[in-house]
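Visitor: Before anything else, here's the structure in question.
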Amino acid sequence: MKRGNEMSLTTQPSVIGRLEGEDCQWCHDGRLKQGTYKGNDAVVCDACETPAAQLW
């Protein structure tokens, strides 16, 4: 049960926010940034645009 200001593990700040700024594991040239992927909130590589995570 959530209390007060606690956030779910599936909320944008806890999933996308934690991945933002990390190195891309697919192309090794880019960094992950907040964006969208197929209309969903996501964290995507700024070089290859591969999503590391998306919320739907």
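Visitor: Which condition number in (1) at pLDDT below 95; (2) surrounded by 13 or more Cβ atoms within 10 Å (Cβ to Cβ) is the one that Trp56 fails?
Guide: Result: Trp56 fails condition (2) only.
For (1) in a loop (DSSP other than H, G, I, E, B); (2) at pLDDT below 95; (3) surrounded by fewer than 12 Cβ atoms within 10 Å (Cβ to Cβ); (4) of a type in the set (S, T, N, Q), each residue gets a yes or a no:
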| position | (1), (2), (3), (4) |
| --- | --- |
| Met1 | yes, yes, yes, no |
| Gly4 | yes, yes, yes, no |
| Gly17 | no, yes, no, no |
| His28 | yes, yes, yes, no |
| Leu32 | no, no, no, no |
| Val44 | no, no, no, no |
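The values are calculated or read from the model by the stated rules, or taken from the named source; none is laboratory data. Remember, predicted model here, so these are calculated numbers, not experimental data. Every residue, glycine among them, receives a Cβ derived from its backbone with ideal geometry; neighbour counts consider all protein chains shown.
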